Amino acid sequence: MIKKKMNVEEIYNITEKFHLAILDAKFDRRFHYRDRMSNFPSGCCDDASDLLAYYLIKKYNLYTEQGNGTYRDENPYNNTNHAWLVLDRKIIIDITAAQFRFCGAFSKDIYVGKSFSFYQNLDRVKIVKNYDITQSERLWNDYQIIMNYMSGEF
């Protein structure tokens, strides 16, 4: 497969479709209730990012890395780890941005674009390789569920 250069809008549309497939599966209770994906978008940003990363590689030959950092503000209850994808070290793909609407950083459920103050102000940011979801039965099963929704089988 030849890697196609995609613009931000195209990547946003792909991410949005993947996001909607996860939501449909969640609302249909296709994820086991103990599976982190059953709480999407909260508490599963690393899993959701790994699932999307695998899809982007397999379907579009787009290789991403995973960004990780810690969100903190004046409220001690607003202290949480966060994960997102990074394409070509410059484009952020955040499929779980909705969980940070409370801080006013996002107006939409997902974010695709350049880094801005939200990401730049996270603590302990590091960029790592995405997890291979084929090595986890749980994530592989989640991926198959999402793919069924992407193909319209549900």
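The values are calculated or read from the model by the stated rules, or taken from the named source; none is laboratory data. Quick caveat: nothing in here was measured; it's all calculated off a predicted structure. Here Cβ is always computed from backbone atoms with ideal geometry, including for glycine, and neighbour counts include all displayed protein chains. Ligands, DNA and RNA are stripped out before the accessible areas are found, and what is left, the full protein with its side chains, is counted by its heavy atoms. Shrake-Rupley method; radii C 1.70, N 1.55, O 1.52, S 1.80 Å.
Kindly list, by first and then second residue, each pair from a residue in the range 91-119 that is in contact (Cβ under 8 Å) with a residue 40 or more places away in the chain and of a type in the set (S, T, N, Q) to a residue that is in a loop (DSSP other than H, G, I, E, B) and loosely packed, with under 13 Cβ neighbours inside 10 Å, limited to pairs with Cβ atoms under 8 Å and residues at least 6 apart or on different chains.
These pairs meet every condition: Thr96/Ser42; Gln99/Ser42.
Considering only the range 143-154, state which residues are open to solvent by less than 60 Å² (accessible area, probe 1.4 Å) and either within 15 Å of the chain's Cα centre (by Cα) or not small (Gly, Ala, Ser) (or both).
If the condition is that a residue be open to solvent by less than 60 Å² (accessible area, probe 1.4 Å) and either within 15 Å of the chain's Cα centre (by Cα) or not small (Gly, Ala, Ser) (or both), then Tyr143, Ile145, Ile146, Met147, Asn148, Tyr149, Met150 are the ones that fit.
Can we say Ala53 is more than 23 Å from Val128 (Cα to Cα) and not in a loop (DSSP other than H, G, I, E, B)?
Spelling it out, it is not the case that Ala53 is more than 23 Å from Val128 (Cα to Cα) and not in a loop (DSSP other than H, G, I, E, B).
For the subset of the range 5-19 comprising residues that are among the aliphatic types (A, V, I, L, M) and in contact (Cβ under 8 Å) with a residue 60 or more places away in the chain, which member is most open to solvent (accessible area, probe 1.4 Å)?
Restricting to residues being among the aliphatic types (A, V, I, L, M) and in contact (Cβ under 8 Å) with a residue 60 or more places away in the chain, the top hit is Val8.
So Pro41 passes all but one of these: (1) more than 13 Å from the chain's Cα centre (by Cα); (2) surrounded by 12 or more Cβ atoms within 10 Å (Cβ to Cβ). Which condition number does it fail?
(1)
Considering the range 59-86 alone, what residues qualify as being in contact (Cβ under 8 Å) with a residue 40 or more places away in the chain, closer than 20 Å to Phe116 by Cβ and assigned to a loop (DSSP other than H, G, I, E, B)?
Answer for the range 59-86, where residues must be in contact (Cβ under 8 Å) with a residue 40 or more places away in the chain, closer than 20 Å to Phe116 by Cβ and assigned to a loop (DSSP other than H, G, I, E, B): just Arg72.
Consider Trp140 carefully, then state whether it is part of a helix (DSSP H, G or I), surrounded by 14 or more Cβ atoms within 10 Å (Cβ to Cβ) and out of contact with any Lys or Arg (no Cβ under 7 Å at 6 or more places or on another chain).
Here the answer is yes, as Trp140 does meet what is asked.
Looking only at residues that are among the hydroxyl-bearing types (Ser, Thr, Tyr) and surrounded by fewer than 17 Cβ atoms within 10 Å (Cβ to Cβ) in the range 63-114, which one is modelled with the lowest pLDDT?
Across the range 63-114, the extreme among qualifying residues is Tyr77.
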